[in-house]
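To start, the structure under review is shown below, and the notes come after it.
The values are calculated or read from the model by the stated rules, or taken from the named source; none is laboratory data. Computed from a predicted structure; not experimentally measured. All Cβ positions, even for glycine, are placed from backbone atoms using ideal geometry, and neighbour counts span all protein chains on display.
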Amino acid sequence: METDVRVQSESPKFRLIASPWHTALVLAVQALLAYRGKIRADQMRAVLHPDHIGIYERTMIFEWLVLGLVIVGVSLHGSSLLTVFGERWRSVRQLLRDIGIAVLFLIVSIPVISILGSILRGGAADNAAQFLLPRGGIEMALWVALSISAGICEEALYRGYLQRQFTALTHSVPAGILLSAAMFGAAHSYQGLRKAFEICLLGAMLGILAHWRRSVRPGMIAHALQDVLGGIVKH
């Protein structure tokens, strides 16, 4: 009886949505993928014309497989998948509102990250991730598909799942945001340490957005748009 009262009185934001063992498994898989990505990135940088199509296709497959692993763990725990994906849009107005929030987020976050990144780099350009950028129409189309996949899968993973788990395990919202942002940056360390720091900062801002809106959907839109624009602008 005491246990039931304690569970009922516990704040939803401090409630686990999956087993801690499942979270450990997800982190282990992400660590292996990050290590594999670092090795593959070093190989691709040494090639004059890397296989972008193959890179994009494999990355999308792994993104969705990890998301599938998250869905299985959340479902087995009896938690609603809405905790990972956010509430459904019930009207066009709600959709447009989240799009507007995403655009405003980009207007603020891109200059902030650019300025802080320039300070860290001492004003020099960071070309560590240039090998990933698309060339030609087919690669650009796949880049857009990859960007949308990353927006959905990574926000569901890092802000919808890991941030919730870390918040529950530490009983601290700031700790949950910072830990998930650190994991987000570490997963992109193949792009170089400086770029990983920028991505970590972006992850923290996306985490604050998700906590404020109580939904990852504006972050999904912002994430996808930023990745798409990054490929187009630098193309």
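Points to keep in mind about this one:
- Note on the stretch 177-213: residues that are in contact (Cβ under 8 Å) with a residue 24 or more places away in the chain and either in contact with a strand residue (DSSP E or B) (Cβ under 6 Å, 6 or more places away or on another chain) or under 19 Å from GLN94 (Cβ atoms) (or both) total 4.
- Pairs meeting the criteria (first residue in the stretch 34-58 and within 18 Å of LEU193 (Cα to Cα) and surrounded by 11 or more Cβ atoms within 10 Å (Cβ to Cβ), second residue at pLDDT below 85 and among the hydrophobic types (A, V, I, L, M, F, W, C), beta carbons under 6 Å, at least 6 apart or on different chains) are MET44/PHE131; ARG45/PHE131.
- Unique residue being within 15 Å of the chain's Cα centre (by Cα) and either in a loop (DSSP other than H, G, I, E, B) or surrounded by 12 or more Cβ atoms within 10 Å (Cβ to Cβ) (or both) when the list is LEU162, LEU95: LEU162
- Any chance GLY117 is at pLDDT below 90 and part of a helix (DSSP H, G or I): yes
- Residue within the stretch 215-235 that is touching a residue at least 40 places away in the same chain (Cβ under 8 Å), hydroxyl-bearing (Ser, Thr, Tyr) and part of a helix (DSSP H, G or I) present: no
- Annotation: ARG135 fulfils all but one of (1) part of a helix (DSSP H, G or I); (2) in contact (Cβ under 8 Å) with a residue 12 or more places away in the chain; the unmet one is (1).
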